[in-house]
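Here, each number is a calculation from the coordinates, and none is a lab measurement. Given the structure is predicted, the values throughout are model-derived calculations rather than measurements. Methodologically, a virtual Cβ is constructed for each residue, glycine included, from the backbone with ideal geometry; neighbour enumeration extends over all protein chains shown.
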């Protein structure tokens, strides 16, 4: 490949990775074309891309976009997997795909600048994603407020129920003769 083409490939990869803070490095060697297409289609549904690129170009592009910590993962045959809503969703999809595609190997990942090995990366699949975490936080914040509102409204509704019962009882009583 000429130097000009290598530069173009690196620039394109930099453009694709420019928005990503996190990525996963996988080894795709030995995966059949059908399995690779199936994997890519599943990833594409979650707006995740898998790019196979020579290690030297990947290292250069990653250094340019500020993810140079992945250099140690880039040995042998690699594909960079990036994009999607969150790295957790991405890893969950890869772990599920790994069950069907035995030769797919997760080498590791970079999550917001931190290098994770294969086992730590696969552990991400067991964590809640950003959306689930936000929902948990909102639930934690709203929980005490709901409880307090219930405690404030509770006695008031009890008093209202007692007053209503007294009114109904009085209405049923026959009026006294005047």
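Quick notes on this structure:
- The stretch between residue 47 and residue 147 holds 32.0 nm of extra length on full extension. This uses 0.36 nm per residue minus the Cα-Cα distance.
- In this simple spin-label model, placing a label point 7 Å from the Cα along the Cα-to-Cβ direction at both residue 167 and residue 37 gives a separation of 7.3 nm.
- Fewest-first ordering of 168, 132 by other beta carbons within 10 Å of each residue's beta carbon gives 168, 132.
- For the chain, adding -39500 (n - 2.57) for each run of n ≥ 4 DSSP H residues and dividing by the number of residues yields -19000 deg cm²/dmol at 222 nm.
- Spin-label model, residue 136/residue 59: points 7 Å from Cα along the beta carbon direction are separated by 3.8 nm.
- Taking packing as the residue-averaged number of other Cβ atoms within 10 angstrom, the listed peptides 93-100, 141-148 run from highest to lowest as 93-100, 141-148.
- Segment residue 127..residue 160, full-extension length gain: 7.2 nm, with 0.36 nm per residue of separation and the alpha-carbon distance subtracted.
- Alpha-carbon radius of gyration plus Dmax, which is the widest Cα pair, for the stretch 128-178 in Å: 22.1, 75
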